[in-house]
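In what follows, a structure is listed as C-alpha cells, so that the remarks can point back to it.
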Amino acid sequence: QKEVEQDPGPLSVPEGAIVSLNCTYSNSAFQYFMWYRQYSRKGPELLMYTYSSGNKEDGRFTAQVDKSSKYISLFIRDSQPSDSATYLCAMSGIVGGTSYGKLTFGQGTILTVHP
Amino acid sequence: GAGVSQSPSNKVTEKGKDVELRCDPISGHTALYWYRQSLGQGLEFLIYFQGNSAPDKSGLPSDRFSAERTGGSVSTLTIQRTQQEDSAVYLCASSLQSGTSGRHEQYFGPGTRLTVT
C-alpha cells in the first residue's frame, strides 16, 4: 500500500463548478501538506502549503487538513477551463527530530473543466 | 525573479550511454532536490542537497545514479550506462529553508524528459 493515496480520476466538471480533490495518507509523521498543479509537459507549480490540521484559503482555492483522519482536501471554487491540469498532493514529515523536506506525492488527479 | 531552470529540456540517448542532467536552483535557495516522474511510478524522490552535501540519497535507484552540487548552487544528476527503465522526466526543485526549520516550500523546474532507446 502506498503511503499517499490519491484517486487519479479523470475528473470532468462544467465551468463554474466546485471541485473537490483529496488524498489519504498512512504515515502519522507527515506534518506539512502541499498541493501542486501540473500542466502537460510542465513542472509542478505550488498552489497551497499548510502545516498540521486546519484550513487555508487563497483566492478560489481552499486547502483542508484533518490529521486525525489522515485526510487532506483541495477545493476549487468557480472552476475555469484554465484549471484543467493534474493536481498532485504532497507531504513531508519530521523523523528523528529532523525534516529534510523529502516530499511524498500522491499519484495525481487529472481534472478537466469544460466550458 | 528567475525560477528553477533545467537543461536539457529533452534528451534522447542510446542504451548504455551516460547522461548528465543539470539544475540551476532559485538564487539563494540552500536546499535542492531531485525527483523522477514516470507513468507507472508517479513522482519519486531521488536525492536531497543542503548546500553541497547530500544528507539523503535514499531515493537513488541504483549505483548507476549519482549527483553532485557545487558552490551551493548548480547540481548535476548523472546516470551511467542508461537503461530503458531510466526513461522518465527528471525534475529538480529548490527550497529556501533548511531541513531543521521544518518548512519546505519546494519550487520545481520544468524537468528534463529523458528517453533511452
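Summed over segment A:13-47, the residues that are open to solvent by 80 Å² or more (accessible area, probe 1.4 Å) and away from chain B (no Cβ under 11 Å) give a count of 4. Number of residues in segment B:1-23 that are within 13 Å of chain A (Cβ to nearest Cβ) and hydrophobic (A, V, I, L, M, F, W, C) equals 2. For segment B:24-38, a residue qualifies if it is farther than 16 Å from B:Glu68 by Cα and facing chain A (nearest Cβ under 10 Å), and exactly one does: B:Gln37. Going through (1) within 14 Å of chain B (Cβ to nearest Cβ); (2) open to solvent by less than 70 Å² (accessible area, probe 1.4 Å); (3) within 13 Å of the chain's Cα centre (by Cα); (4) within 19 Å of A:Val113 (Cα to Cα) one by one, A:Thr62 falls short only on (1).
How many residues does segment B:39-62 hold that are farther than 16 Å from A:Lys102 by Cβ and either assigned to a strand (DSSP E or B) or away from every other protein chain (no Cβ under 11 Å) (or both)?
As a first pass, look at segment B:39-62 and keep what is farther than 16 Å from A:Lys102 by Cβ: B:39-40, B:51-52, B:62.
Going one step further and asking which of them are either assigned to a strand (DSSP E or B) or away from every other protein chain (no Cβ under 11 Å) (or both), we end up with B:51-52, B:62.
Qualifying residue count for the region: 3.
Does B:Phe49 count as under 19 Å from A:Gly43 (Cβ atoms) and open to solvent by less than 40 Å² (accessible area, probe 1.4 Å)? Yes.
Of all residues in segment B:6-60, exactly one satisfies the criterion of being in contact with a Leu (Cβ under 8 Å, 6 or more places away or on another chain) and among the acidic types (Asp, Glu), namely B:Glu20.
Selection within segment B:29-46: residues that are modelled with pLDDT under 90 and among the small types (Gly, Ala, Ser). The member of this set that is most open to solvent (accessible area, probe 1.4 Å) is B:Gly40.
Within segment A:50-95, restricting attention to residues that are hydroxyl-bearing (Ser, Thr, Tyr) and not in a strand (DSSP E or B), which residue is nearest to B:Leu39 (Cα to Cα)? I'd like the intermediate steps shown before the answer.
We begin by selecting, within segment A:50-95, every residue hydroxyl-bearing (Ser, Thr, Tyr); these are A:50-53, A:62, A:68-69, A:71, A:73, A:79, A:82, A:84, A:86-87, A:92.
Filter again for not in a strand (DSSP E or B), leaving A:52-53, A:68-69, A:79, A:82, A:84.
Values: A:Ser52: 30, A:Ser53: 31, A:Ser68: 31, A:Ser69: 29, A:Ser79: 27, A:Ser82: 23, A:Ser84: 19 Å.
Among those that are hydroxyl-bearing (Ser, Thr, Tyr) and not in a strand (DSSP E or B), it is A:Ser84.
The values are calculated or read from the model by the stated rules, or taken from the named source; none is laboratory data. Everything numeric here is computed off the predicted structure, so don't read it as measured data. Virtual Cβ from ideal backbone geometry, glycine too; neighbours counted across all protein chains shown. Just the protein is used for accessible areas: all its heavy atoms, side chains included, with ligands, DNA and RNA removed. Shrake-Rupley method; radii C 1.70, N 1.55, O 1.52, S 1.80 Å.
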